[in-house]
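Throughout, read-outs are computed from the coordinates displayed, never taken from laboratory work. The structure displayed is predicted, hence computed values, not measured ones. Every residue, glycine as well, gets a Cβ built from its backbone with ideal geometry; the counts of neighbours run over all protein chains shown.
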Amino acid sequence: MKNSLEKGWQEDYFSEFKLENRNIQLLSSPTDPHRSRILKVRVSIFDGEWVLWALIITFFIVIVSLFFWVCSPEGSYLVVFSGLVMFLMPLMLLLNSPSAAAVTPEKIIIKRSMRKPVVIEKEDIIQISVTRTGNHFLRWLMRLIYIVWIPLYFIKEVMTTLCDLKISFPDYVELSQFLRQLAILTMFLIMFYNSEFIAPYQQALKVTTRSSLKLWLYTEEPEELTGFLKNEK
C-alpha cells in the first residue's frame, strides 16, 4: 500500500518531465498546452534598413576595389587589397543567412551569425499569414545551376589563376585576381547553402512586425505554429 502511494506520488510529481537523450525537457501541462513550450524553426529575415546598408556597403566595396586595382603603382602590394575587400560581400551574405529560431507564445528568439540574437515580442507582431515558398520547378532549376556552375567556376577560373600564381609568384596582380575569384566563389557557396537551408519547406509563416523587420518562419506545420503564436488550443 505504501509503495503504491509513493509510486503514484512520483508519477504525479514528475508527470511534466520527460527524459530523452539524457536531457530533461519540460512538457506542456494538460490544463495549459502552450505553457513552457518552445518550438524550434528555421527563419529568414528581411530588414529594410539592413538592405539599404548592404547596398551602400556593396557600392563602397566595388569603388574601393576598383581604386586599388587602377591606382596602385605597378608591382605594388597595394593591388592585393583590391581582392581582399571583395570578401566583405560574402561576409554580408553570411550575416544575413537564414538561421534557427525558438518560438514561444510570448516571443520569437532568432539566433544570428556573429551578432546578438533578435527578440521579437508578441506585442510587436501585427500580422501573421501562411505563404508558399516558391515554385518547385524553379527551386530545382536554381539548385541545378549552382551544382553545375560552382565546380566549373572553381576549375576554370580559381584553379587556373592559382596555377598561374604558382608560376609567377610573387605577382600581386595575379594574387589579387585569385582573391577576387575566391571571394566570388565563397559568395555563391553561401547563396547555395542559404537556398538549401530552407528548400525542404513548401510553406512558410510570414510575420510582419511594427519595425522594418519581416520574418519567414519555416516549419512542416505552419498552421500549428500560427495557433501556437496566437495561443490557440
For this session: Please find the FRET efficiency linking residue 37 to residue 149, where r is the Cβ-Cβ separation and R0 is fixed at 41 Å, and quote it to the nearest 0.05.
Result: 0.45
Problem set entry | Computed label-point distance, nm, for sites residue 195 and residue 130 using a 7 Å Cα→Cβ extension | 2.7
Problem set entry | Listed residue pairs exceeding 28 Å between alpha carbons, taken from 116/156; 156/214; 111/206 | 116/156; 156/214
Problem set entry | Estimated dipole of segment 66-138 in Debye, rounded to 20 [Cβ of Lys and Arg +1, of Asp and Glu -1, Cα centre] | 220
For this session: Please report, in whole Å, how far the alpha carbons of segment 38-229 spread along each principal axis, starting with the longest.
Result: 64, 32, 23
Seminar exercise, completed: Counting only DSSP loop positions in segment 185-226, the trypsin sites (Lys or Arg not before Pro) whose Cβ has at most 13 other Cβ atoms within 10 Å are 210
For this session: Work out how much length residue 202 to residue 60 would gain on full extension: take 0.36 nm times their residue separation and subtract the Cα-Cα distance, in nm to one decimal.
Result: 47.4 nm
For this session: Assign one of three labels to segment 73-187, namely rounded, prolate or oblate, based on the Cα gyration tensor with a ≥ b ≥ c the square roots of its eigenvalues; rounded applies when a/c is under 1.5, prolate when it is not and a/b is larger than b/c, and oblate otherwise.
Result: oblate
Exercise. For residue 214 and residue 121 in the same chain, what is the full-extension length gain: residue separation times 0.36 nm, less their Cα-Cα distance, in nm?
Worked result: 32.1 nm
Exercise. Under the Karplus relation 6.51 cos²θ - 1.76 cosθ + 1.60, θ = phi - 60°, what is the ordered set of whole-Hz ³J(HN,Hα) values for segment 92-104, x standing for Gly and Pro?
Worked result: 5, 4, 5, 5, 10, 6, x, 9, 8, 9, 10, 10, 10
For this session: Starting from the Cα gyration tensor of segment 160-222, take the square roots of the eigenvalues, sort them a ≥ b ≥ c, and report rounded, prolate or oblate (rounded when a/c is under 1.5, otherwise prolate if a/b is larger than b/c, else oblate).
Result: oblate
